Amino acid sequence: NQPKYALVYDAGGKFDRSFNQSAYEGAERFKKDTKISYIDVQVMSNAQGEQVLRNLARKGIDLIAAIGFTHAQQVQTVAKEFPKTKFLIVDGSANGANVSSILFKEQEGSYLVGVAAAMASKSKKLGFIGGIDIPLIRAFVCGYTQGAKSVDAKVDVAQNVVGTTATAWNDPAKGGELARAQMERGVDVIFAAAGGSGMGALQAVKEKGKMAIGVDSNQNYLFPGVMLTSMVKRVDNAIYDSFMQMKNGTWKAGVSNLGLKEGGVDWALDKDNRSLITPEIEKRVNTAKQDILNGKVKVIDYREASRCPL
Amino acid sequence: MSTAVEFRQVSKRFGKVLANDAVSFAIARGTIHGIIGENGAGKSTLMSILYGYYQADAGDILIHGEVRNIRNSHAAIELGIGMVHQHFMLVEDMTVLDNIMLGMEGGFRLRSQRSRIALELASLCADYGLEIKLDARINTLSVGEQQRVEILKQLYRNANILILDEPTAVLTPQEADALFVILRLFKQQGKTVILITHKLPEILAITDAVTVMRAGGVVAAVETASTNQEDLAYKMVGRSVATELPRQPLSAGVSVLQVDDLCLQNAQGVHLLSAVNFSVQAGEIVAIAGVSGNGQSELLEILAGMRNQPGDKISGNVQIHDTRLNFEKKDPTLAAKLRKLGVSHVPEDRLRDGVIKEFPVWENILLGQQSTQIYLDKKKCVALSDALLAQFEVRPLDSHLRLSQLSGGNQQKIVLAREIAARPTLMLVGQPTRGVDIGTIQRIHTELLALRDAGVAILLVSAELEEIRALADRILVMSGGRITGELSIADYDTTRIGLLMGGLHK
Amino acid sequence: MFDDFQFSTILVATIRSAPVLLFAAFAGVFAERSGIIDLALEGKMLASAFVAAACTYATQNPYLGVAAGILVSCLIVLLQGYVAINQKGNQLVFGIAINIAMSGLTFVLAQYFFQLGGRSPDLGAARFAVWNFPFADWWSTIPALNWLLGKFLGGHTVLVYLAFALIPCLHWLINHSRFGLRLRAVGENPHAADAAGINVAQTRYLALLCGGVLCSLSGAYLAIVQSGFFLRDMSAGNGFLALTAMVFGNWRPLQTALGCLMFGFFAALQIQMEGVAFPVVGQIPGSLIQMLPFVVTVVVLAGVMAKSVGPKALGVPFVKSR
Amino acid sequence: MNSDLPRWATNVALPMLNLLSAMLVAAGVIYLLGESPIEALGIMLRSALGNVEGFGYTLFYATTFIFTGLSVSIAMQAGLFNIGSDGQMYLGGLGLTLVMLQFDASLPAWILIPLAMSAAAVFGAAWAFIPGYLQAKRGSHVVVTTIMFNFIAASLMNFIIITYMIPVGEQNPASRVFAENAWLPRLNSLLPALGDTPLNLTFICAVICLFAYGLIVWRTRWGYALRAAGKSAHAAQYAGISIATVIIVTMLVSGAFAGAAAMNSLAGSMHYLSLNFTSGAGFIGIAVALMGRQHPVGIFMSALLFGILIQGGFDLSLEKSNIPAETFVFIQGLIILFCGAMENMYAPALSRLLNRKWGNNV
Ligand SMILES: Nc1ncnc2c1ncn2[C@@H]1O[C@H](COP(=O)(O)OP(=O)(O)OP(=O)(O)O)[C@@H](O)[C@H]1O
Ligand SMILES: Nc1ncnc2c1ncn2[C@@H]1O[C@H](COP(=O)(O)OP(=O)(O)OP(=O)(O)O)[C@@H](O)[C@H]1O
Ligand SMILES: [Mg+2]
Ligand SMILES: [Mg+2]
C-alpha cells in the first residue's frame, strides 16, 4: 500500500516562479521518478489553511507538505488532531511528533550573492528589493550586506520594499520603479526578492543594462547576460527528499535547517550567467563558500535575535 | 384661425394611475390658452407628452394640423415647441449663457460660439424688455430671474408654441405682471402660449380660452370671455368653493414670540436682516408680506432654528414664551429644541425641507417629532398617521406609501397635518398654499383659522396678498431686510402695502 | 547610506510613473462628470493590461496590443453603460463586481493560455520604443541639458507623452467644447439637459467610451511599458488611487492631474526616503515610510482642499420623472 | 421601478432568476475549462451545504461577512460609503490581540473574552473615527479618506507586527499564539452534532448584532435620525438633527462592527494575529451590504452566499485540478453583477408575464 502525498501552496500560488513553484517542481520530479501522483492545493486565505490541512488529513493522505510560513501555526494545530498523518512545513517551524519542519539559511546564500555582487559592481553601490518588510526579507538583506561588505567595507546597499499588503508581491510596476530609482542613484547590481514584483525589477534592470540577482529558483535563464546569478533555495530538493523518505520508510520528524552545507541554499552558475562571472568572482565566491562551510565565517541570521548587527 | 396644437384621445397610464384619459381638445394659433385643474388632474403629464418627455399610450398629437410623433424633447424643439417647467430645468452650477446655449451650441468650440450667441441674446432681451446678466451663475439668481432665463432660452430657440407649467407659483405679483407682459408680446407675434396655473384671476386676465381638467379627462373647454371665477372653480372641483371664510373676532392673548433688534449678516457681509422688531400674541395671525428675497425666508429660518450657514452673524434678541434663543453657538439641534418649546414650522420649501421623499408617509409624520421617544412603536405611529391622513383628507389614505408616490398637493397636506398635530403654541408658516389647487387652499386656510381660534400664535409668510387678506389679523411688510410698515387687517389697503413692499414708507 | 536625496531622480520617477494614474483618473473624470460613478477602473485596467500583454505577445506588435486592450475595455464599458444607463442599476455594485470578476478572470485566462501562474510571457522586444531628442551627442555633454533632455523630457515612450498631452486637451474638452458642456450638464442635472434636447443616454455612453479608451491605456502602460509582462492583480490598487486623485482634484482635469502627480511624487520620495538616516528620528522603518503618500493625501484633503463637491447627479440613474 | 410586482416576485423570484443567470455564465466558464458544470455545482453544494461540517465552515465564513456587511450597511444608511471596513477590522484585530497578549495568562475567560471583544470594537471604532470626524467637520470625502486609511492601517500593522509582536527567533510575521483560555468557545462544544468546524460564539454575536441593527435603524429615534440625515440634509436640519454628530457616531458604530469582525478569525479560529489576516473581508462586506440592500435578512443571505462560494468553491478546486481557485473569484464577481447591479433585469419581463396571466388588472 503506497502512501499518499499532498502539497499545499500558500497564497502566492503554484506558479509564482519562486518557492511555491520550486516545491511544485520537486513534487513533479518525485512523480516522474516514482510514478506516484500527489494532490496539490492552493489556499486563498489564512482561515482556509487549517481547513485544507484537516480535509487532506481526513482524506487519508499520509504526508502533507505545507509551503510557506503562514502555514506554520496551522500545521501545528492540525498535526495534533491527526497524529497518524505526517506533516511537512517548509519555511516555518511547528512542533509535533509527526511534524518535520524545514527551514533554510537564506542568509548564507544571500552572503554568497552579496560577495558576487560586490565584486561585479563598478559603482560599489548595490541594491536590494524585498516584497514586504518581514523577518525573512530582513534575513536576506542582512546576509547580502554582510557578504558585500566582506569584499569591500565601503560598499553601500540601498534597500526598498514594495509595499505592506498582499499586493506587494504582485506589483511589477512598483518593483520596476524601485529598481529604476536605485539605479538612478548609481546602483548597478540589484538583488530582488519580491515575488512577481521582483520580475518587474529584473525587467527594469535589463532595460538599463545593469545586473540583477534572482531568488529562490534559478532565474538566470530569464535574462541571460543580465542575471549576475540567483540565490537558489532548494525547496524542490526538500520536497523531493521528504517524499522519497516517506516512500522508503525513513521519514523522520524534527526541525532541519538547510544551509550551504546541507545543499539547501546556493548560488547559481550556469551557461546563462557564465559571461558575467569572471574567474575572480567565481574564485572569491567559492572561497567564501568554503569559509562558511568550515566555520571561518559566521553569517548573521537576522531571525535569531531580530537584529542585524553590521 | 388655424390650430397650433390638437390632442386627439390622448391617454397615459402610470401603473395604477390613469393620468390622462382620452384627452381631446384644440389650441388655436396665436392665442394664450389656459389649462386648469386640481392637483393630480393630469395637466403636467399632458404637457410632458406634448414636449416629448413621455410617450402617450394612445391617441394623436397634431401640430399645426399634422399628426406628429414626438419621441423626445429634441423632436419637440425641432417642431418649435418650448416648455418652461415648473421646477426649472437649469444647471445650477453653470452660467446663464451656457444654460441657454446648451443643446443649441452651433459648433464644437464654445468660445467662438459664446460671443455670437451673446450678441443674439442681447438683441432678444432688448426686444422683450428682459434684463439678464448672461455670465451670472444660475444659483446666484432669484427665482424670477431664473424664470426669465428659461423664457430667454425659449426665445433663443425660436419656440412658437410655448408651454408654461405653473409659472407664477413662485413669482411675486410684480414678477408675474412682468411675465404676462412678455406673454402678450409673444401672442402679438403670432406665437401660441399654453399656460397652466392654479390662480383663476390670472386665467381671466390673460387667456383667450381655458380647458378644465379633472381626474385625467377634460371636463370643460370654454372661451375666457364667457366665464367667470366661480364658474371655473365649480367646473374644476365639482362643487362650489367659498372664497370668503368665516372668521371669529380677534382675541389675542399673551405674547408668545418677541423679536427685538434681530440682525443677520451673511458670510459676504451682506445685511439680510436689519433691526427687525415685532411680536406675536397667542390667538392671532401675524402675516409678513413682501416681495420674496427681502428677508422673510431668512427670518423664518432663524425663528425655526434652521439658519446654520457658515459665516453667518446673527445678533439681537428672540424670545419664545420665556426662553431666550442663543445664536452665539451654532447649534444644529436648535430646531428640535424649539419644537420642545411648542414651535411648529411649515417650511417654505416643503418638498426640500419638510419631507423625506424616500420615507413612507408614517415616517414623514415623525419628522421633527422623532426625539420624543427612544423606541418608535410602528403600530402606534401608523395609527397616528392614518388618523391624520383621514382628518386632512389626504388621498390615497395609505400610511405605508412612499411619500414620493403622493401628488404634490397631498405631500403639502402631510406637512401641514404633522405640524398642526404637534399641538403648537407658536406656528411658523411659510407660503402655505404655493402650487396647491383651490379646493386644497380652502382646506388649509380653514385649518389655520381653526388653530388661531384655539389660541395658537401664528406667524405667516406669504407672497399672496389675497391669502394675507383672508387670514391675517396684523400685517407686517418687509423690504430690504427691514420691517417697513405694520397695519391691522382693518386698515388693509393694497396700494399702501404695495408701496411699503417697494420700500417706500412715509 | 547615500547622503542626499536626489531631487532630480524623484522628478524623473514622477514623470515615468504618472501615466498609470493620469489615464485612469481621466477615465474617472469622463465617467463621473457624466454622472456615473466609476469604481470599475481597477477591473478595466486589469482586463486591458491582460489583453494588451497577451495580444502584444501573440503579434509582437505593441500597437496591436494596445488596440486589443482598448477593444476589451470598451466592451466592459458597454456593459457598464447597459447596467448604469439602461438598467438603472447600482453603479457602485457594478464597479465592485467588475473588479472582482476581472481579478479572477484574468488569472484564469492567463493560466489557461500561458500556464505561468497568472503571468504572461515576457514581451521581450515587442514593446514601445523610447523617444529621444535629436542631436544627443551635442547636448549630452552638458550635465544639466543631459538631465533635462535625456531623462526628464526625453527617454520616455509614446504613452508618457500622450498622457501629458492629454492634460490640456482634456481641460479644453471638458470646459470649452460642446461635448464638455453637454457632459457636465448631464452630470449636474440630466433632467435639464434632457429638456434642452440632449440625449442623456447617448452622452453618457460616449463619456463612458472615452473613459474606457483612457482606462485601457493605463492598463497597457502597466503591462507593456512598465513591466513588460502581465501579472495577476497587477493593477495593485492604482484604480482606487486614481479615483482618489480625481476626488482630490474636485473632478476637474487640471487639479486631478495635479493630484496624480502628487501621488507619483510622494511615492518617488518615499522610495528615496527608505533607509536614509534622518537628523532627529534616525532611520524610519520601511513600512512606516510606505504610509507617506496616503498620509499626505489625508492631510491635504483635511486641510487645504477641504470640501470636494462632485457632480450633483453622480450615481443617480436618470429616470424621466420629476 | 418594479413597484407593480408582488412582493414574492421582487423578494424571491427576481433574486433567484438573477442567481440562475450568474450560474449559467459560470457554468459556461467551467465547461470551457473542461469540466462538467453540473458535477461542479453538485460538488460545491454538497461541500457547502450538504454536510454538517461543510455547512459549519460556510457559516464560519459568513460570520465575518455579516460583521463587515453590517459595518458597511450602517454607514450607508447614513449616506456614507465606508470603504475602510477592511482597515478597521485589521485595527480591531490589533486591539483584540493586545488584550489577549496582555491578559491571557492572568484573567479568566469570562472576563478576558468580553474585554477582548470590546477592545476589538473600540480599536475599529477609533480607526473609523478620524475619517468620520474629517467628513463631519472638514468635509473631506469619506470615500477617499477611508481608502487612504486602509493603506495606512496596512503599513501601521506591518510595522507593529514586525517590530513588536513576532516572538524572537520566529520566522512567521505573526504574534504568539494566545493561551487556550482566550480561545472563543466553538459551537460544536455545545452542539457536538456540528462536527469539527471553527464556527464559534462570534456567530451568535453576529446574529444578535443583525437583530440589534434592524431594531436600531428602523425602530429607534437614533436610527431615524441616521436615515433622515442620510437621505436629506435639508430635512435633517429642519428636524434639528445634527448631521455632524450623526456622521461621527455612525462611523464609530460602523468601525466597531468592522473591528468586531476580527473576533471570528482571530479569537475563534487562528488564535494569533498575522499579517493581512483580514484577507479582504472588509471589501466583501461592501458587496454583502449592497447586495443585501442594507437589510438584516438581506445581509444574512448575501453573507451566506459568499460563505457558500468560498467553502464550496474551495472544495471544488480541491477535487478538480482543472478549475483554479481563482475561478470562484470570477464567479463571485458574476454573482454580484447579476444579483446586485442588474437586479431588475428581469422585472419588466416578469411583470409582463404576470400581467398576461392574471389579466391587465395589476
Ligand atoms: N412619473 C409618474 N409616475 C407615476 N405616476 C405619475 C407620474 N407622473 C404623474 N403621475 C400621476 O399622474 C397623475 C397626474 O399627474 P400630473 O402631474 O399630470 O398632475 P397635475 O395636473 O400636473 O397636478 P398639479 O396640479 O399638482 O401639478 C397624478 O395622480 C400623479 O400621481
Ligand atoms: N414614481 C412615482 N410613482 C408615483 N407617483 C409619482 C412618481 N413620480 C412622481 N409621481 C407623482 O407625480 C406627480 C407629478 O409630480 P410634480 O413634481 O409635477 O408634482 P405636482 O403634482 O405637480 O405638485 P406641485 O404642483 O405641488 O409641484 C407628483 O404628484 C408625484 O407625486
Ligand atoms: Mg403639475
Ligand atoms: Mg404641479
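The values are calculated or read from the model by the stated rules, or taken from the named source; none is laboratory data. Keep in mind it's a predicted model, so treat the numbers as computed, not measured. Note: ideal-geometry Cβ built from the backbone for every residue, glycine included; neighbour counts use all protein chains shown. Only protein heavy atoms, including side chains, enter the accessible area calculation; ligands, DNA and RNA are left aside. Shrake-Rupley method; radii C 1.70, N 1.55, O 1.52, S 1.80 Å.
Out of all the residues in segment C:62-70, is one or more open to solvent by less than 60 Å² (accessible area, probe 1.4 Å) and over 19 Å from the mean Cα position of the chain (by Cα)?
So far as segment C:62-70 goes, no, none of its residues is open to solvent by less than 60 Å² (accessible area, probe 1.4 Å) and over 19 Å from the mean Cα position of the chain (by Cα).
Is there a residue being in a helix (DSSP H, G or I) and away from chain D (no Cβ under 14 Å) anywhere in segment C:34-46?
Within segment C:34-46, one or more residues are in a helix (DSSP H, G or I) and away from chain D (no Cβ under 14 Å).
Would you confirm whether or not segment B:458-472 contains a residue that is over 24 Å from residue B:319 (Cβ atoms), in contact with a strand residue (DSSP E or B) (Cβ under 9 Å, 6 or more places away or on another chain), open to solvent by 30 Å² or more (accessible area, probe 1.4 Å) and not acidic (Asp, Glu)?
Among the residues of segment B:458-472, at least one is over 24 Å from residue B:319 (Cβ atoms), in contact with a strand residue (DSSP E or B) (Cβ under 9 Å, 6 or more places away or on another chain), open to solvent by 30 Å² or more (accessible area, probe 1.4 Å) and not acidic (Asp, Glu), which makes the answer yes.
Could we say that residue B:83 is buried (at least 18 other Cβ atoms within 10 Å of the Cβ), in a strand (DSSP E or B) and within 15 Å of ligand 1 (Cβ to nearest atom) here?
yes
What's the total number of residues in segment A:1-47 that are touching a Lys or Arg at 6+ places or on another chain (Cβ under 9 Å), over 12 Å from residue A:68 (Cα atoms), within 14 Å of chain C (Cβ to nearest Cβ) and of a type in the set (A, V, I, L, M, F, W, C)?
The number of residues fulfilling the criteria is 1.
For segment B:430-443, enumerate the residues that are more than 16 Å from ligand 4 (Cβ to nearest atom) and either more than 14 Å from chain D (Cβ to nearest Cβ) or modelled with pLDDT under 90 (or both).
B:442, B:443
On the basis of being small (Gly, Ala, Ser), in a loop (DSSP other than H, G, I, E, B) and either crowded, with 23+ Cβ neighbours inside 10 Å or free of Cβ contacts under 8 Å to residues at least 60 places away in the same chain (or both), does residue D:169 make the cut?
yes
Which one of B:354, B:455 is closer than 22 Å to residue B:286 by Cβ, more than 16 Å from ligand 1 (Cβ to nearest atom), open to solvent by less than 10 Å² (accessible area, probe 1.4 Å) and of a type outside the set (Lys, Arg)?
B:354
Residues are listed down the side, and each one gets a yes or a no for (1) within 14 Å of chain C (Cβ to nearest Cβ); (2) open to solvent by 30 Å² or more (accessible area, probe 1.4 Å); (3) within 18 Å of residue D:181 (Cα to Cα); (4) free of Cβ contacts under 8 Å to residues at least 40 places away in the same chain:
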residue	(1), (2), (3), (4)
D:90	yes, no, no, no
D:105	no, yes, yes, no
D:109	no, yes, yes, no
D:114	no, yes, yes, yes
D:124	no, no, no, no
D:131	yes, no, no, no
D:137	yes, yes, no, no
D:147	yes, no, no, no
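Among the residues of segment B:311-347, count how many are out of contact with any Lys or Arg (no Cβ under 8 Å at 6 or more places or on another chain), in a loop (DSSP other than H, G, I, E, B), more than 7 Å from chain D (Cβ to nearest Cβ) and open to solvent by 30 Å² or more (accessible area, probe 1.4 Å).
The qualifying residues number 9.
Could you tell me which residue of segment B:26-47 is nearest to ligand 2 (Cβ to nearest atom), considering only residues that are open to solvent by less than 20 Å² (accessible area, probe 1.4 Å) and assigned to a strand (DSSP E or B)?
Restricting to residues being open to solvent by less than 20 Å² (accessible area, probe 1.4 Å) and assigned to a strand (DSSP E or B), the top hit is B:37.
Only one residue in C:109, C:78, C:105 is within 14 Å of residue C:44 (Cβ to Cβ) and either out of contact with any helix residue (DSSP H, G or I) (no Cβ under 8 Å at 6 or more places or on another chain) or more than 7 Å from every other protein chain (Cβ to nearest Cβ) (or both), so which one is that?
None of the other options fit; the residue is C:78.
Would you mind stating whether residue B:449 is in contact with a Phe, Trp or Tyr (Cβ under 8 Å, 6 or more places away or on another chain), more than 16 Å from ligand 1 (Cβ to nearest atom) and at pLDDT 90 or above?
Considered against the rule, which asks whether it is in contact with a Phe, Trp or Tyr (Cβ under 8 Å, 6 or more places away or on another chain), more than 16 Å from ligand 1 (Cβ to nearest atom) and at pLDDT 90 or above, residue B:449 comes out as no.
List pairs: first residue in segment A:238-253 and over 18 Å from residue A:89 (Cβ atoms), second residue in a loop (DSSP other than H, G, I, E, B) anywhere in the structure, Cβ distance under 8 angstrom, at least six positions apart or on different chains.
Pairs found: A:247/A:2; A:247/A:3; A:247/A:36.
Where residues in segment C:130-159 are touching a strand residue (DSSP E or B) at 6+ places or on another chain (Cβ under 7 Å) and assigned to a loop (DSSP other than H, G, I, E, B), which of them is least open to solvent (accessible area, probe 1.4 Å)?
Ranking the qualifying residues of segment C:130-159, first place goes to C:154.
Six or more apart or on different chains, Cβ atoms under 7 Å: show the pairs whose first residue is in segment B:7-20 and at negative phi and whose second is among the small types (Gly, Ala, Ser) and within 16 Å of ligand 4 (Cβ to nearest atom).
Partner pairs satisfying both residue conditions: B:12/B:19; B:13/B:19; B:18/B:216; B:19/B:42; B:19/B:216; B:20/B:42; B:20/B:216.
Just the residues that are outside any loop (DSSP other than H, G, I, E, B) and touching a residue at least 60 places away in the same chain (Cβ under 8 Å), please, taken from segment B:348-363.
Result: B:350, B:351, B:354.
Looking for whichever is without any contact (Cβ under 8 Å) to a residue 24 or more places away in the chain, surrounded by fewer than 19 Cβ atoms within 10 Å (Cβ to Cβ) and within 14 Å of chain B (Cβ to nearest Cβ) here; the options are D:239, D:244, D:233, D:228. Which one fits?
When all the criteria are applied, what remains is D:233.
Report yes if some residue within segment B:177-200 is within 14 Å of chain C (Cβ to nearest Cβ), of a type in the set (A, V, I, L, M), touching a Phe, Trp or Tyr at 6+ places or on another chain (Cβ under 9 Å) and away from ligand 1 (no atom under 16 Å from the Cβ); otherwise report no.
no
I'd like to verify a number: residues in segment A:34-66 that are touching a residue at least 60 places away in the same chain (Cβ under 8 Å) and assigned to a helix (DSSP H, G or I), how many?
Summing the residues that are touching a residue at least 60 places away in the same chain (Cβ under 8 Å) and assigned to a helix (DSSP H, G or I) in segment A:34-66 gives 1.
Of the numbered conditions (1) under 30 Å from residue B:479 (Cα atoms); (2) at pLDDT 90 or above; (3) within 16 Å of ligand 4 (Cβ to nearest atom), residue B:357 satisfies every one except a single condition; which is it?
(1)
If we scan segment D:17-40, do we find a residue that is surrounded by fewer than 17 Cβ atoms within 10 Å (Cβ to Cβ) and either within 14 Å of chain B (Cβ to nearest Cβ) or within 16 Å of ligand 1 (Cβ to nearest atom) (or both)?
no
Testing residue B:1 on (1) modelled with pLDDT under 90; (2) within 16 Å of ligand 3 (Cβ to nearest atom); (3) open to solvent by 20 Å² or more (accessible area, probe 1.4 Å); (4) in contact with a strand residue (DSSP E or B) (Cβ under 6 Å, 6 or more places away or on another chain), one condition comes back false. Which one is that?
(2) is the only condition that residue B:1 fails.
If you go through segment B:390-429, how many residues are more than 14 Å from chain D (Cβ to nearest Cβ), more than 16 Å from ligand 1 (Cβ to nearest atom), assigned to a helix (DSSP H, G or I) and in contact (Cβ under 8 Å) with a residue 12 or more places away in the chain?
Residues that pass the stated criteria total 4.
Would you point out the residue of segment C:33-56, among those that are open to solvent by 10 Å² or more (accessible area, probe 1.4 Å) and under 14 Å from the mean Cα position of the chain (by Cα), that is farthest from residue C:283 (Cα to Cα)?
Residue satisfying both the conditions and the ranking: C:39.
Is there a residue in segment B:23-35 that is within 13 Å of ligand 3 (Cβ to nearest atom) and more than 24 Å from residue B:234 (Cα to Cα)?
No, segment B:23-35 contains no residue that is within 13 Å of ligand 3 (Cβ to nearest atom) and more than 24 Å from residue B:234 (Cα to Cα).
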